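The values are calculated or read from the model by the stated rules, or taken from the named source; none is laboratory data. Bear in mind the structure is a predicted one, so any value in this text is a computation, not a measurement. Every residue, glycine among them, receives a Cβ derived from its backbone with ideal geometry; neighbour counts consider all protein chains shown. To get the accessible areas, we keep the full protein, side chains included, count just its heavy atoms, and leave off ligands, DNA and RNA. Shrake-Rupley method; radii C 1.70, N 1.55, O 1.52, S 1.80 Å.
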Amino acid sequence: MVTLDRKELESPSPLSDEEKVSGPMPKEVSPDASDAELAAFGTVVKFSKAEEAALVRKFDRRIMPLVTILYLSNFIDRTNVGNAKVAGLAKDLHLVGYQYNIGLSVFYIAYALAEIPSNLILKGAGANRWLPVIIMSFGFITFITSWVTSFAGFMVVRILLGISEGGTMPGIAYYLSTQFEVKEYYKRHELVLRIGIFVAASSLSGAFGGLLATGLLKIPQIKHLPHGQWRAIFLVEGLITIALGFLTFFIIPGPPESTNFLNDRERLIATERLRVETAGLNRTEKTDKKLVWRAFTSVNNWLCGLGFLLCNIPTQGISLFMPTLLEGMGYSPIQSQLHSVPPYVVACSWSVFVAYSSYRTGRRGMWVLISAPIGLTGAAILVGTGNRQVDYAGLFLLAMGVFPLGPLFLTWANNNAAPHTTRAVSSAMVVSIGTMGPIVSSWVYLPTDAPKYTTGNSVLVGAFTGLFISTCCLILYNVHENRARAAGRRDYRLDDADDTTITNLGHLHPRFRYTL
């Protein structure tokens, strides 16, 4: 039986091979009752570590490929505008001055405003119902972009695309880890690797997007479409996404306690292992203004938010402008699409390695400090050299350095925020701060700076430098706070406190240790 002292707020100890949670056995239950019958009375559900490990592997096989593909389609439909630009979009839409950059900016503004409303709808409708709807929605918006003929039309579709795409990433994260009820699939420590993997799809999307664009640009002008071969990119990719969203209706699993891809026993284990993990913790504390405000007074949140903002500048910058940068190096439109593929493939591999290493070591800041200098080196190469081959090598380093950082900052903020109300607000707060990064990146690569784009690449150097410094500050703060708690300098928070107050201390509890 898992128990907690009233002055402790620690995670439960690992399960033994036959860990169980028990309650009073009703007399009317037969000794030969099944696990389902026992669970119905809130009694005993036994499972071994081997059974739990097998269940997690089953989750991974069924859920992770699906959510990775969904986020891949999300990122492709968001960034294919960069592929279309070098294929003539700006010319055919008669975009002048900064109109293209304005179109990029309004997308991210709409995207940020849609995140919270979308997740509120998802919470009521269910992720397995709402996610397919938003996938089909942004697929349809991508599809109709093929018929845009003016700047006004370009603005409308970019706003609509931002609204429809805004709920995808937070929706998938919510689907994997519902905060307030035992309906998630993964434990908290298991989420670090899984979120890292599906977010790595953002780098892989650049590879797929480049390959798709290369092939689609070879399609002859399609009848009934306005002039421009780039329109085939939106037409075909939109149709693929619509089909994917429709298929998702039938294959995405529902809540673990009722999904049909698990048998009765697996559903019981899925529910019970999470109940054991949170034994002694207040999963359903009331939403209190103090707990909400605590997120906004957390040094950890502000530094994670700053780091996420700064890493989003190069992440979205190269996602939207890599074909443009390659064109500036002297490659043709087709060559620009093809040459954008290898840097993304390498970045995806490195991102998965960093996510796994962070999961195994239990460290976040260390891996930020390893990856950021790689990206900084790549950006510095783009600023300081004029050799095409060397600049192309710089793109590899730039992509490798930046794509692992977003998941690290997001999970770092989540790890160091408690209880659940504070954690929920912290996650939204960090994402909201980070969304300002793509708005900045929309304006760092300006047509007046072509073909070298020295200003834009210099901004990336500054972003990497800033996030490196802020990460060092965050690590030092967390080390200082952990040492203060180990020395007893935060024990005064327990003086004359009742059980509810102590539980709601969350990350302020003297026994809570910050992840570094």
field: Length-normalised contact order for the chain - Cα pairs under 8 Å, 6+ apart - percent
entry: 20 percent
task: Taking the dipole about the Cα centre of the chain, with the C-beta of Lys and Arg at +1 and of Asp and Glu at -1, give me whichever of Val96, His509, Ala417 is farthest to the positive side.
output: Val96
query: Under a 1.4 Å probe, what is the accessible area of the chain per residue, stated in Å²?
result: 41 Å²
FRET efficiency estimate (nearest 0.05) - Cβ-Cβ, His224 to Cys472, R0 41 angstrom: 0.10
message: Students often check this: by mean Cβ neighbours within 10 Å, which of 63-71, 165-173, 79-87 ranks highest, and how do the rest follow?
response: 79-87, 165-173, 63-71
- line: Within the under-13-Å Cβ sphere about Gly384, not counting Gly384, Lys/Arg +1 and Asp/Glu -1 give a net charge of 0
task: Specify the angular offset, from 0 to 90 degrees and rounded to the nearest 10, of the alpha carbon long axis of helix 299-328 from the longest principal axis of the alpha carbons in the chain.
output: 30 degrees
query: Cα axis of helix 151-165 to longest principal axis of the chain: angle in degrees, 0 to 90, nearest 10?
result: 20 degrees
message: How large a share of the accessible area of the chain, in percent, is made up of carbon and sulfur atoms when the probe is 1.4 Å and the other protein chains stay in place?
response: 64 percent
query: Which of Lys85/Lys123; Lys58/Lys218; Lys49/Lys290; Lys123/Lys289; Lys58/Lys289; Lys58/Lys290 have a Cα-Cα distance over 29 Å?
result: Lys85/Lys123; Lys58/Lys218; Lys49/Lys290; Lys58/Lys289; Lys58/Lys290
message: Below 12 angstrom from the Cβ of Arg78, what's the summed charge of the other residues (Lys, Arg +1; Asp, Glu -1)?
response: -2
Nearest-20 debye value, the chain charge dipole, Cβ charges on Lys, Arg, Asp, Glu: 800 debye
statement: Gyration tensor on Cα atoms of region 96-153, a ≥ b ≥ c root eigenvalues, a/c under 1.5 rounded, else prolate if a/b beats b/c, else oblate, says oblate
- prompt: Once both axes come from the Cα atoms, what is the angle between helix 420-434 and the longest principal axis of the chain, in degrees from 0 to 90, rounded to 10?
  reply: 10 degrees
Length-normalised contact order for region 362-516 - Cα pairs under 8 Å, 6+ apart - percent: 32 percent
query: Tell me, in nm to one decimal, what length is gained between Arg493 and Ser349 on full extension, where the rule is 0.36 nm per residue of separation less the Cα-Cα distance?
result: 47.4 nm
Potential lengthening between Val96 and Ser357 on full extension [0.36 nm per residue; Cα-Cα distance subtracted]: 89.4 nm
message: As an exercise, use a Förster radius of 41 Å and the Cβ-Cβ distance of Ile370 and Ala152 to find the FRET efficiency, rounded to the nearest 0.05.
response: 0.35
- line: Ranked output for segments 254-261, 431-438 by mean other Cβ atoms within 10 Å, highest leading, reads 431-438, 254-261
field: Over the chain: helical MRE at 222 nm, DSSP H runs n ≥ 4 each giving -39500 (n - 2.57), nearest 500
entry: -22500 deg cm²/dmol
field: For the chain, with +1 on Lys and Arg beta carbons and -1 on Asp and Glu, the positive-most of Phe308, Thr385, Ile433 along the dipole
entry: Thr385
